[in-house]
Amino acid sequence: MRQHALSSIIAIVCVALAHVDVELAKAQLKLMVKEWYQHPNGQIPAYEWNFSDLNPPVHAWATFQIYKHEARTTGKRDRVFLERIFHKLLMNFAWWVNRKDSDGHNIFEGGFLGLDNISLFDRSEQLPDGARLQQADATAWMAMFCLDLMRIALELAYENSAYEDMASKFFEHFLYIAHAINNGTQEVPPLWDETDGWYHDLLFTPGRGWQPLHVASLVGLIPMFAVHVLEPEVFEKLPNFSRRFFWFLERRPDLAVNLIRSENGRTTLSLLNRHRLSRVLERLLDEDRMLSPYGPRSLSREHKKKPYTYGGMTVGYEPAEAVSRIKGGNSNWRGPVWFPTSYLIIRALQRLQRCFGDEFTAACPTNGGPQMTLAEISRDLTRRMVSIFERGADGKR
């Protein structure tokens, strides 16, 4: 069974949150970025048989989750652990920016990133004839990476003001990525499709230009994960960060649209504003599309009747055995529920609830369901996932 970074690191976090062994979880994270494994250029290996492949950069998220859990349960704030991992992740972030955004557009490539079977292509391989794939998931993971590094820098800045500069750097970089994915650049169109209400990969082919790949899958949900709420006390306790924060917004009001200011003084950094969130939830909560009785599907059921075809290649809804031999022929990304991403969807909804409050509601399920707050939607998704392990009327799970 493949053990790629996203599932492995979330498993590490679950170990910590289950009170099994926080020190073991910390040791495993430190091992991933140890000099024995992390390349001098900053790349972190993917898995044991191909160190050069790529996985989502979720290490910063996992690091901060374990740090917070240990502080909450034991009162110990292990800043040495936090600082040690942070320095290694700075190298990894620089590697991503230099290697996977080589044109400097703040739109990223990245390979399969754990979502290989969703794609029309084998995303681990170079595309032929000069074609390039700009990925919604890679771009969103990097936006999330920015926010998680910003959170770590802010935490370290409470005892060392030098880290306020680093927090500002990742705040600004997040806004550049958010603008690129939602609005595009002079060279690259946006990855947000207003007509479809979804995020899509973009394929560049010489002679044909940019073409969105209209596959409704988890790739379009990854942008939900990039969300963080700044409480008012952050600006009160960290004056250098606060000064730089507002200085930057005054000079780049075009980027400030990716901030959401609440009446309670909270500031939310998110790729999705109220409008885009509403559009995404329409498909996510539709039981004929992304929502199954057991949680979000990896590929929308709409592709059962309407497989997406481009250039002679097809992606269809195949929740059992896949008809294609790509990546071994399994169909783990062609319809079934996958827990790591579902977990992160639920966490994103809970954070967005802190931003929008009870005034924001959506029908759950989409067609005829009751209006629910984001917190209620997160609980409904949790219930669906847990039901997999509960006994049915026949006494079987």
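The set of residues from segment 135-164 being open to solvent by less than 10 Å² (accessible area, probe 1.4 Å) and either small (Gly, Ala, Ser) or under 30 Å from residue 207 (Cα atoms) (or both) comprises 135, 136, 137, 138, 139, 140, 141, 142, 143, 153, 157.
Does residue 328 meet the test of being without any contact (Cβ under 8 Å) to a residue 40 or more places away in the chain, on the phi > 0 side of the Ramachandran plot and not in a strand (DSSP E or B)?
Working: without any contact (Cβ under 8 Å) to a residue 40 or more places away in the chain: yes; on the phi > 0 side of the Ramachandran plot: yes; not in a strand (DSSP E or B): yes.
Yes.
On inspection, residue 132 does not qualify as under 19 Å from the mean Cα position of the chain (by Cα) and either of a type outside the set (Gly, Ala, Ser) or surrounded by 24 or more Cβ atoms within 10 Å (Cβ to Cβ) (or both).
Over 24 Å from residue 313 (Cα atoms), open to solvent by less than 50 Å² (accessible area, probe 1.4 Å) and either touching a residue at least 40 places away in the same chain (Cβ under 8 Å) or basic (Lys, Arg) (or both), is that true of residue 82? Can you show your working first?
Values: over 24 Å from residue 313 (Cα atoms): yes; open to solvent by less than 50 Å² (accessible area, probe 1.4 Å): yes; either touching a residue at least 40 places away in the same chain (Cβ under 8 Å) or basic (Lys, Arg) (or both): yes.
Spelling it out, residue 82 is indeed over 24 Å from residue 313 (Cα atoms), open to solvent by less than 50 Å² (accessible area, probe 1.4 Å) and either touching a residue at least 40 places away in the same chain (Cβ under 8 Å) or basic (Lys, Arg) (or both).
Would you point out which residue out of 137, 129 is assigned to a loop (DSSP other than H, G, I, E, B) and either in contact with a Leu (Cβ under 8 Å, 6 or more places away or on another chain) or touching a residue at least 12 places away in the same chain (Cβ under 8 Å) (or both)? Matching residue, one of 137, 129: 129.
Checking 28, 43 one by one, the residue that is touching a residue at least 24 places away in the same chain (Cβ under 8 Å), out of contact with any His (no Cβ under 6 Å at 6 or more places or on another chain), over 28 Å from residue 310 (Cα atoms) and not β-branched (Val, Ile, Thr) is 43 and no other.
Checking the stated criteria, residue 103 turns out not to satisfy the condition of being open to solvent by 50 Å² or more (accessible area, probe 1.4 Å), part of a loop (DSSP other than H, G, I, E, B) and at positive phi.
Per the conditions (1) touching a Gly at 6+ places or on another chain (Cβ under 9 Å); (2) free of Cβ contacts under 8 Å to residues at least 12 places away in the same chain, the sole criterion not satisfied by residue 72 is (1).
Among 247, 210, which is the only one that is over 23 Å from residue 347 (Cα atoms) and in a strand (DSSP E or B)? If you could, list the steps in order and put the result at the bottom.
Values: 247 fails: in a strand (DSSP E or B).
Result of the check over 247, 210: 210.
Against the list (1) assigned to a helix (DSSP H, G or I); (2) at pLDDT below 95, the condition residue 94 fails is (2).
Take residue 220 and decide whether it is touching a helix residue (DSSP H, G or I) at 6+ places or on another chain (Cβ under 7 Å) and at positive phi.
For residue 220, the condition - touching a helix residue (DSSP H, G or I) at 6+ places or on another chain (Cβ under 7 Å) and at positive phi - is not met.
Can you name every residue in segment 273-320 that is in a loop (DSSP other than H, G, I, E, B), of a type in the set (Asp, Glu) and touching a residue at least 60 places away in the same chain (Cβ under 8 Å)? Passing the criteria: 286, 287, 288.
The values are calculated or read from the model by the stated rules, or taken from the named source; none is laboratory data. The structure presented is a predicted model; accordingly, all values stated were derived computationally and were not measured. Neighbour counts are summed over all protein chains in view; Cβ atoms, including those assigned to glycine, are modelled from backbone coordinates with ideal geometry. The accessibility values were calculated without ligands, DNA or RNA, using every heavy atom of the protein model including side chains. Shrake-Rupley method; radii C 1.70, N 1.55, O 1.52, S 1.80 Å.
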